[in-house]
Each structure stands twice: as C-alpha cells, then as structure tokens.
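Everything on this sheet refers to the single structure shown next.
The values are calculated or read from the model by the stated rules, or taken from the named source; none is laboratory data. From a predicted model like this one, the values you see are computed outputs, not experimental measurements. Cβ placement follows ideal geometry from the backbone for every residue including glycine, while neighbour counts extend to all protein chains displayed. These accessible areas exclude ligands, DNA and RNA; they are computed on the full protein's heavy atoms, side chains included. Shrake-Rupley method; radii C 1.70, N 1.55, O 1.52, S 1.80 Å.
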Amino acid sequence: MSEGRDPWRERAENAEADASFYRMIFEKSTAPTIVIEADYVISRINERVEELLGYSKEEIEGKIAWLRFVVQEDLERMMRYHHLRRQDPAAAPGEYECRLMNREGQVHDILIKLDMIRGTTTSVATLVNVTAEKEVVKTLKQREAEFRAIVEHFTGFLYTCHKDHRLAYINRPLVERTGRDVDTGPCYAVVYNRDTPCPWCENGDVFSGKTVEVERLDPVDERWYAIVTTPICGEDGGVLLRQTVMVDITERKMAEERMRSRTALLLEENRRLKSSMKDRYRFHGIVGKSPEMQAVYDRILQAAGSGAAVVIRGESGTGKELVAQAIHTLSQRSAQPFIPVNCGAIPENLMESEFFGYRKGAFTGAGSDKKGLLELAHGGTLFLDEVGEIPLSMQVKLLRALEGNGFRPLGGRENIRTDIRIIAATHRNMEGMVAEGRMRQDFFYRLHIIPIYLPPLRERKSDISLLVEHFLSSMDGENGRKEVDARTMATFLRYDWPGNVRELQNVLHRYLTLGSLDLSLAWESEGEGRQEASLKERLDLYERDVIFETLKRCGGHRGHTAEALGVDRRTLERKMNRYGLREDAAANMPHDAAQLPDHGESL
C-alpha cells in the first residue's frame with residue numbers, strides 16, 4: 001500500500017502559494033503600500049514607497065518607525081489613530097489625510113487608507129500622493145492628478161485576470177458592486193456584465209508589457225472611471241496577469257464639463273460687459289470717476305456675471321437702486337422683470353400678501369387673485385431695498401421660498417416655485433442686527449454673498465463736479481441758469497452732504513429754480529450774509545427741524561417718529577427723502593450736535 005501525501009505539507013504548500021500570489025500583488029501595486037507593526041516599525045514596503053520616500057527597502061524594513069516621515073503638525077493625530085485602531089478598530093477612521101516628508105525634505109499630501117490584518121496588531125496602509133490633485137483643486141486650472149493605483153483596502157475597483165480572461169482576483173468593493181465572486185465567470189462577464197469579450201479590451205497591449213491608462217464611461221452603471229491596466233510579471237519577465245484598477249471620476253468629469261461651460265460663458269459675458277464700459281465716468285446711470293467708484297463698477301461687473309445674491313450697503317441717497325438696476329441690466333436676466341420694493345414702506349401685517357400674493361376670497365376685500373412680488377419677479381431680479389426692515393417672522397418664510405421650497409399665496413393651495421435673483425440693500429449694520437437678534441443668521445448668509453459698498457459723497461468729493469454737470473444737463477434750467485459758478489462749487493466741495501447724491505440733486509434743483517443756495521440747511525458760503533428766504537423755504541426749514549428732532553428723540557425709529565408727528569409712515573419717509581434725513585444719523589447724534597445751523601450759518 002503506497003504512502004499517501006501528507007495533508008499538512010499540502011496545506012503548507014497551498015498557503016505558501018497564496019502568500020506568494022498576494023506578495024506579487026503587493027509588490028506590483030501602483031500605490032505605495034506599507035505594513036506597520038504595533039510599535040510603529042515598518043515591516044514591509046513596496047517599490048512605490050521607495051520612490052515616494054527616497055529610501056530603499058533595506059533602509060526601511062524592520063528599522064524605521066513610520067512616524068519618522070510624518071510632519072510635526074500631524075504627529076500627535078497619527079499616534080492617536082494608531083493606538084485607537086488597535087484598541088477599538090471600529091472607532092478609528094479608516095481613511096484620512098496627513099503629510100509625509102521624503103529624504104530630500106519635500107512634503108507630500110497623502111491620503112491614507114488603513115486596514116488591520118485580522119487576528120494581529122499589524123496594519124496595512126496604502127499611501128496615495130494627492131499633492132498634485134490638491135493643487136489642481138486650488139487653482140481650478142489643471143485636471144485631476146494622475147490616478148494612484150488601488151489595492152484591496154482603497155476606495156475603488158481592482159481585479160486581475162489571465163490572458164484568457166479568467167479572473168484571478170477581485171477586491172471587496174468590486175464584489176459588492178457586481179454581487180459576483182472571482183470564480184463566477186470571466187472578467188467581461190463579472191465586471192461588465194457581457195457575454196463576449198469587451199471591444200475595448202487591452203489584453204493585447206498589456207500582455208506585451210505595456211501599461212494602458214484610459215478614462216471610460218462604464219456601460220453597467222453609466223459612470224465615468226479612470227482605468228489603469230498594468231502587467232504583472234513573473235521572475236522571468238514574462239507577463240503572468242493583467243491588473244486593472246478603476247476609480248470613479250464622475251464628479252470630476254461633471255465638474256470639468258461645468259467648468260468648461262462656465263468658462264465659455266464668462267468669457268462671452270466678460271466681452272459683453274467690457275463693451276459697455278467705454279466711459280468709466282458714467283456707468284449705467286451712475287456717475288463718478290473716483291477710485292472708490294471705479295471699485296464699485298468692477299464689483300458691479302463681477303456681480304452681473306454671477307447669479308448669486310447681492311447686498312448693497314451704503315447710506316441713504318448713495319444710489320443703491322441705481323447699482324441694483326445696473327447689475328440686473330448687465331446680467332443674463334436683463335430681459336426679465338426688475339422688481340424694486342421698499343421693505344420699510346410695507347406694513348408688517350401686509351408683508352405676506354405683498355410678497356406671496358393672494359387668491360380671491362382669501363380675506364375681506366380680496367375680490368380677485370393678485371400675484372405677489374416673488375411671482376412678479378419670476379425669471380428676473382427682486383430688489384429688496386431697506387431689507388433690514390423685514391421682521392423675523394417674514395424672514396423665515398422668505399428664506400424658505402428663496403431656497404427653492406416655494407410658497408403658497410394667501411388662500412391658495414398650490415405651492416409656487418420661482419426662479420429669481422435677489423439684490424438687497426440697506427444702510428444698517430446687518431452683522432449688528434444678527435448679533436442683536438433682529439435678523440436671522442441664516443437669512444443674513446443667504447443674502448450676503450456678494451457685498452457691494454457704496455461710499456458716501458463726502459468720501460468721494462472728487463466726483464461732485466461730474467455729478468453737478470450730470471444733473472445740470474438733465475434739468476430744465478429755469479431762469480436760464482445752466483451752470484454753477486466757482487464760489488458755489490467751492491461751497492459744494494466743503495459741504496459734507498449728509499443726504500449724499502440725492503441731497504446734491506435736490507439742492508441743485510432749488511438753486512436753479514430759486515436762485516439761492518440751500519444745501520438743505522439753508523446756509524451760504526463763508527463771508528456771505530443772510531439772504532431773504534421765502535415763506536415756503538422757511539416753512540420747509542421748520543418742518544425739517546421738527547422731523548429731525550423727533551427722529552433723534554425716537555432713536556431713529558421711523559414708526560415711533562411717524563406716530564409722534566401724527567402722520568403715516570409713508571408720508572414720513574417721503575419727507576425724509578425730500579430733506580435728505582437719515583434715521584441712523586439722528587439716532588447717533590448727541591443732543592447739542594443735533595441742533596441745525598441758523599439760516600445764515602456758513603461752513
């Protein structure tokens with residue numbers, strides 16, 4: 001009777017064969033891979049690690065702790081992860097980034113994916129150098145960095161096969177994707193769900209020793225993959241297997257396509273916008289040549305080329321609505337409605353019906369359907385002047401509508417969604433309102449994407465002569481006066497213009513009509529005496545004084561001021577605009593400083 005083969009020896013030989021196979025995959029992997037012991041020492045590396053770190057296997061394996069290559073800033077975190085992985089593997093991150101320094105002192109950004117070898121305290125780490133990829137993302141000028149190959153524990157698909165398409169190995173993510181294992185069919189059937197070999201099969205090139213890198217749309221899941229196919233050679237140099245690594249790059253492809261479309265759009269938009277800027281002294285109804293206004297023009301162009309929300313900040317009378325109109329006119333929404341609304345002029349109990357509209361019968365007096373401001377502005381721009389006057393309760397509803405969730409008109413059942421661009425304006429400190437709880441933080445961030453600051457006229461006095469010329473050319477010129485003499489212009493340049501451009505326009509109109517220089521405070525240039533004022537002028541001055549003092553006494557609150565004066569809020573705002581009054585100026589002015597100068601006082 002012949003002696004049978006030793007089963008233990010046979011198992012040992014099989015185990016040795018398996019180990020040899022996995023070592024071959026490990027060594028030929030295109031991703032740097034290291035084996036780390038519990039004491040941090042690197043017990044094994046592949047060829048890519050030598051290239052990455054600049055050290056040979058003989059210098060590293062069993063001699064150097066891997067923490068030696070970690071930069072100082074990441075050292076404590078890497079040590080914490082190392083111990084946590086061995087104490088509670090489920091609590092430790094399996095994938096993270098750190099920075100490693102090579103022999104020449106070069107620092108690389110590395111994406112690390114780790115797994116523990118079952119039943120041991122040894123871990124296997126794949127190191128993917130993402131330095132170039134990070135640079136691409138930052139500059140938005142380069143394509144995604146070249147793919148670093150994948151091994152078993154890296155996110156992506158990996159398989160190896162023989163020349164006759166028989167699979168030798170597939171990794172776990174690919175098993176989960178296909179639901180099939182290595183012995184269930186050839187590569188084209190398991191990976192690509194085909195009955196015949198793939199028409200794009202790289203077998204011919206790879207088994208002749210070539211590496212093939214392609215980007216391909218997968219017919220199974222219709223996603224884009226970066227595919228690197230490399231030969232795995234035996235000791236004699238002959239190709240034994242073909243290794244293929246697939247990384248999902250769908251998001252990158254979509255981003256590249258969006259970027260290409262966006263770049264083409266911006267180039268066309270830039271050409272169109274530049275053609276409208278032949279005269280930088282007058283820009284879509286806005287007048288000014290000062291550096292401050294040139295910066296405003298540039299920001300208008302940037303805002304017009306974007307669809308993001310805009311907040312225009314500046315004192316009353318600086319021309320916020322003109323800027324909003326210019327942005328709309330230069331944008332792709334220019335053919336659609338521009339709907340301006342003064343939020344401070346809408347009573348709080350009517351805000352919802354004004355913004356969202358109502359349906360017939362929604363309340364007493366609702367005899368027919370009425371579209372709200374959001375629906376009227378569909379496809380175009382909604383300009384929210386004095387946005388700081390919107391109450392908190394309304395901010396919540398507006399925010400929901402602006403974020404794409406739609407709204408319901410009063411008395412309506414249908415949910416309406418609109419496509420609008422929001423431009424807001426305010427003279428208030430929005431950050432302060434958020435801190436004081438008068439404006440919701442999420443509402444603030446929804447509006448405050450592109451900020452534009454309009455400087456007051458006192459900060460750009462070099463523009464006054466241009467503004468005077470502009471207003472004079474647009475006025476009728478009663479009494480034949482179409483110019484301002486040098487003395488008057490000097491007076492204009494010394495005045496601080498609390499009512500800004502609106503006040504300058506009103507003063508010029510009165511100057512040309514009445515022949516006297518008022519400046520809303522009825523003062524003349526230095527050295528000139530008091531002039532006789534008409535009854536209407538004196539009544540206007542008295543009315544202005546009363547409104548200003550009441551504003552100051554009420555802390556700048558328009559509602560309280562209107563109530564104290566016995567007029568409605570709309571009337572008060574109309575008169576404030578007429579006299580160039582600002583509630584913030586009145587509220588912050590000390591009592592003595594708030595006294596208006598006499599009729600003949602000079603500045």
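Using a probe of 1.4 Å, the accessible surface attributed to Glu251 totals some 110 Å² when neighbouring protein chains are kept in position. Note on exposure: Lys57, Lys63, Lys210, Lys320 ranked by accessible area (1.4 Å probe, complete protein assembly) read Lys63, Lys210, Lys57, Lys320, with the most exposed listed first.
For segment 308-400, the carbon plus sulfur part of the accessible surface works out to 51%, probe radius 1.4 Å.
The residues neighbouring Arg413, those whose beta-carbon lies less than 15 Å from its own, together hold a net charge of +2 under the Lys/Arg +1, Asp/Glu -1 convention. Of all DSSP-defined beta bridges confined to segment 242-392, some 45% are antiparallel rather than parallel. Sequence-ordered 3J(HN,Hα) estimates for segment 566-574 from the Karplus curve with 6.51, -1.76 and 1.60 and θ = phi - 60° stand at x, 10, 7, 5, 4, 4, 4, 5, 4 Hz, glycine and proline given as x.
Between Leu217 and Arg417, the simple spin-label model (points 7 angstrom out along Cα→Cβ) gives 2.5 nm. Among Ile42, Ile449, Ile416, the order of accessible area from largest down is Ile449, Ile416, Ile42, computed with a 1.4 Å probe on protein heavy atoms. Near the amide H of Tyr169, within less than 5 Å, lie the amide hydrogens of Thr160, all on another chain or at least 5 residues away, with H placed in the peptide plane. The Cβ shell under 10 Å around Asn203 holds other residues with a net charge of -1, Lys and Arg each +1, Asp and Glu each -1. What you get for segment 351-390, charging only the Cβ of Lys and Arg (+1) and of Asp and Glu (-1), is a dipole of about 340 debye around the Cα centre.
Note on Glu235 and Ile117: with the Förster distance fixed at 35 Å, the Cβ-Cβ geometry gives a FRET efficiency of about 0.85. The separation of segment 419-465 from segment 214-267, counted between C-alpha centres, amounts to 46 Å.
The heavy atoms of Glu95 present about 90 square angstrom of accessible area, all protein chains included, probe 1.4 Å. Ordered from largest to smallest accessible area (heavy atoms of protein chains, 1.4 Å probe), the residues His162, His328, His509 come out as His509, His162, His328.
Between Ala366 and Asp248, how high is the FRET efficiency from 1/(1 + (r/R0)^6) when r is the Cβ-Cβ distance and R₀ = 60 Å? Nearest 0.05. My answer for the efficiency is 0.65. Taking the 1.4 Å solvent-accessible surface of segment 161-270 as the whole, the part contributed by carbon and sulfur is 51%.
Excluding Ile45 itself, calculate the net charge of residues whose Cβ lies under 9 Å from the Cβ of Ile45, where each Lys or Arg counts +1 and each Asp or Glu counts -1. Around Ile45, the surrounding residues sum to 0. Amide H contacts under 5 Å for Thr122: Ile117, restricted to partners 5 or more places along the chain or on a different chain, H placed in the peptide plane at 1.01 Å from N.
Each residue of segment 396-402 was assigned a 3J(HN,Hα) from its phi angle through the Karplus expression (A = 6.51, B = -1.76, C = 1.60, θ = phi - 60°), giving 4, 5, 5, 4, 4, 5, 6 Hz with x at Gly and Pro.
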